[in-house]
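Only one structure is covered here, and it is reproduced in the block below.
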Amino acid sequence: MMQQVNLYQPILRKQKKIFSAVTMLEIGAIFVLGLLAIYAYGLWQGRALHQEVVRLQAQRKASQQRLETLSRQHKSTSPSAILEHRRKRLVAEKQRKQQALALLQGRTVGNTTGFGARFRGLARRRLNGLWLTDIDIYDGGSQMTLAGETYSDKLVPRYLQILGKEQSFQGTDFRKVALRRDDKHSWLIDFRMSTAAKKKEGGK
């Protein structure tokens, strides 16, 4: 009597061991070490963040104390004397400029055209080789003196003719004209012409 035995049955095959006990221990050790490393990194990072928070809180507290100190100083002191002095100076300067502007544009006794018109006329009527160095207006604008320099004495009467074409200078009679050679620069001639023979005492 014969009996057949199937050697290919799974129960009779040799089973492969996927992981041995040693390997499992090694894997477990690596996993634990990884967790410890993550935990240590978290502790380090948390400590660094805590230190940063403490620093920011200290900085915030110092800023608040400084703000409170400045607020108390501002409340306890009166307005700055320097700022008040500057304000008064600016107000006074503004008033002076307004008065000067009103004087230039205004018409006083003996001045029917206003100072501004005369200055604009002088600016328009320029002559090459002759220039003004001093303009003196007085007696409410009824009298004036012009002084300057030129390369030629012939340009002075020509300049007077040019000024006469300006409406603001019509009727203005320059009664005194003086020419003098410059001592330091012989090629220059100083001139001075005035509507009055002698300047009267008084404000400009």
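Considering only residues that are in a loop (DSSP other than H, G, I, E, B) and in contact with a strand residue (DSSP E or B) (Cβ under 6 Å, 6 or more places away or on another chain), which ones fall in the stretch 150-168?
Asp153
Residues in the stretch 124-138: is at least one surrounded by 13 or more Cβ atoms within 10 Å (Cβ to Cβ), under 39 Å from the mean Cα position of the chain (by Cα) and not in a strand (DSSP E or B)?
Among the residues of the stretch 124-138, at least one is surrounded by 13 or more Cβ atoms within 10 Å (Cβ to Cβ), under 39 Å from the mean Cα position of the chain (by Cα) and not in a strand (DSSP E or B), which makes the answer yes.
Only one of Ala62, Ala48 is surrounded by 10 or more Cβ atoms within 10 Å (Cβ to Cβ) and modelled with pLDDT under 85. Can you tell me which?
Sole residue among the options that is surrounded by 10 or more Cβ atoms within 10 Å (Cβ to Cβ) and modelled with pLDDT under 85: Ala48.
The values are calculated or read from the model by the stated rules, or taken from the named source; none is laboratory data. Owing to the predicted nature of the structure, the values given are computational and were not obtained by experimental measurement. Using ideal geometry, Cβ is built from the backbone for each residue, glycine included, and neighbour counts are taken over all protein chains shown.
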